[in-house]
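First the structure, in the form of structure tokens, and then the observations on it.
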Amino acid sequence: MVLLKQGRLTSNRSQTLILGEYLALLLGRGDTSEDVRLGQDHDSREALLELLAMHMVVENVGSVSESDCVAILDSSLKSMGWPDSPTNILENLTQRRVLKKNNGQVLFARASYLHYFAAKRAVKDTELLDYLLEKPLYFSSIITDYASLKRYDAELLRTINRHLDRTDWEELNNPIFEALPKLQGESPEALLISPPTKSNRHYSKDRELLQARSFDLSNDEDDSNEPFPILEEKSVPRGITLMRLMSLVSNVLRDSYEITDRSLKTEVFENVLTHWGIMTGTVHADPSFRDFITYLTRQLLAESDKKVTQERHEEVVDMFLKVFPAAFALSGVTHELSTAKLSLAFDELLQNKVLISDTNFSIGAAFFAYSIRPADWVSKLRLLLINHCDSWVVRHFFLNILVKDENLETLEESEWQELSQLCIDLIQKSTSYESNASRRTHYDDLLNTLRKRRIVAKVRNHHSDLPKRHAE
């Protein structure tokens, strides 16, 4: 709230920079009562915390004893020739809630604080950076913060990108991209799944089930005493390993926007988009993920009022095995890669017809276009999706994203017409018709269905806003 009032936050600020602003306030930035000539200010406190964080990283610990912490601070003060008392500084940093004490141990109040100060030190200390890069996934949170702080480390981008060049990531047969049989003029209702209702009857239970298993991007809570992954990389399932790697490379690429080697950024960008597509197949084939989906489906169907046949159970499992990896990829691209600063590189990549013919690249690129929505986002989606319209991911995942309420309701008429035409073309290009007349009839049915949904969405939104308007 303080940052908002001071006008320091905007919606496009990176989380690392926002955290840095917050920590600077905790450490006393802007406190006019402090005089750096006579004691500590926020800059000097940050320097000491950077050295403490570096010690914890190198020693691979999340906390140190209080006596060791005093010794580390004392050594740091002496090395810089500062006369301050390490005990007083420790108490001050604890009072400011940047550090905390727990059973005789001193640790950062949140794991993200340790990551941030270690990253700040890595900006100044190349030896520490080299140490972090020896285990990039283990120290991914620190490296991500480092990239956001540095913003122009081309060598880091090259190094991180090389980890995607393993040949065993891609599955030979990715069911999510498999070509489906041609449609036979199915009704619009069967092709365009209706948006879900607003009922939250099973929401809390479903969320508990999703949290009940360990198939997640991370195992450590931000306020835990374990600032680094609990599991060694070798014991992490292959699907999760690639997901974590995609998160790391995407964040580093997004935040390295001051690198002036445009060809490097374009090369890495191509690799990242392609691997977001590859990741869907890797996760789909991961045994731990398949176990998780089987368990989740069994629990969800057990709560159903209807008796479910074994065949129906297998259909739901198969659907979830495809939907979840696709949703992971879309979410990852949206939250960890998307930035308008890559728009020119994106346009350059779309000139390559060989790339567009590759399903992995096209789906990753389509997720990117959908997430940043440039002025011509619909035409870019057409270019990327139209030749892959028979694939499961386009027909059963992407198509239903495009016709969701938000798009039907908020788009201007001209943009909505372009989007609805794309949806219809994706369907009709993958449909076999007996005659031109049947094609035309089907076209009219699809268009009318989409237009009715747009009207319903607008009416629903209007009525949902009525209580708010009356309150005003």
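The values are calculated or read from the model by the stated rules, or taken from the named source; none is laboratory data. Computed from a predicted model, the values in this text were never measured in an experiment. Reconstructed Cβ throughout: ideal geometry from the backbone, glycine too, with neighbour counts over all protein chains shown.
Details
- Subset of the stretch 296-311 [out of contact with any helix residue (DSSP H, G or I) (no Cβ under 8 Å at 6 or more places or on another chain) and assigned to a helix (DSSP H, G or I)]: Ala302, Gln310, Glu311
- Residue match in the stretch 105-112 (condition: closer than 20 Å to Tyr138 by Cα, assigned to a helix (DSSP H, G or I) and touching a residue at least 60 places away in the same chain (Cβ under 8 Å)): yes
- Count of the stretch 341-357 residues, restricted to those that are closer than 24 Å to Asp255 by Cα and not basic (Lys, Arg), is 9.
- Some residue of the stretch 161-172 being among the hydrophobic types (A, V, I, L, M, F, W, C), in a loop (DSSP other than H, G, I, E, B) and under 15 Å from Val249 (Cβ atoms): yes
- Selected residue (only one of Leu137, Leu157, Leu133 is hydrophobic (A, V, I, L, M, F, W, C) and at pLDDT below 95): Leu137
- Hits in the stretch 338-391 (condition: under 24 Å from Ser148 (Cα atoms) and outside any helix (DSSP H, G or I)): Ser338, Thr339, Arg373, Pro374
- Restricting attention to the stretch 387-427, the residues that are touching a strand residue (DSSP E or B) at 6+ places or on another chain (Cβ under 9 Å) and within 15 Å of Leu450 (Cβ to Cβ) total 1.
- Qualifying residues in the stretch 175-197 (those that are loosely packed, with under 11 Cβ neighbours inside 10 Å and at pLDDT 75 or above) - the one farthest from Thr449 (Cα to Cα): Pro181
- Across the stretch 106-133, the qualifying residues are those that are surrounded by fewer than 23 Cβ atoms within 10 Å (Cβ to Cβ), closer than 13 Å to Phe228 by Cα and among the small types (Gly, Ala, Ser), and the one among them that is farthest from the chain's Cα centre (by Cα) is Ala111.
- Considering the stretch 252-273, and only residues there that are part of a helix (DSSP H, G or I), touching a Ser or Thr at 6+ places or on another chain (Cβ under 9 Å) and not aliphatic (A, V, I, L, M), the residue that is nearest to Glu348 (Cα to Cα) turns out to be Lys265.
- Given (1) more than 28 Å from Arg395 (Cβ to Cβ); (2) within 21 Å of the chain's Cα centre (by Cα), number of the condition His275 does not satisfy: (1)
- Yes/no for Ser218 being modelled with pLDDT under 90 and closer than 22 Å to His115 by Cβ: yes
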